[in-house]
Amino acid sequence: MQETQTTVTEARRQIILYGKPECPLCDEAREVLEDFAADPDHYAPFDLDEVDIRRDPAIFAAYRYRIPVVTIDGAVIAEGNMHEGDGADALSHALARPVGGVR
């Protein structure tokens, strides 16, 4: 009898960082996300896209006073300062791998 090995492939999360150039909080949000990406033992893999809010009037109107805004799989997870408080906590929780296995 031949054994077969099953491999669980974890789906990559889709993250969008809404911001604009010369936005220090947007740069900080990118750094936080890069830190998560560099720690695959604790955080799920993801693909990061960045959207300049100035390129779309509807997006600009929605996020103008809220950037940076981070969505994961289409849901707004965090906005504003990502290094402190709720923003970083929300991102960490949303991307954390469960203890003992793949999510």
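Laboratory data are not the source of any read-out in this text; all were calculated from the coordinates shown. As the structure is a computational prediction, the values presented were derived from the model and not from experiment. Cβ atoms come from the backbone with ideal geometry, glycine included; neighbour counts cover every protein chain shown.
Footprinting exposure proxy ranking of D86, D41, fewest other C-beta atoms within 10 angstrom first, gives D41, D86.
For region 20-95, the Cβ-based charge dipole about the Cα centre amounts to some 500 debye (Lys, Arg positive; Asp, Glu negative; other atoms uncharged). Each of R55 and R12 was given a label point 7 Å from its Cα along the Cα-to-Cβ line. The distance between the two points is 1.8 nm.
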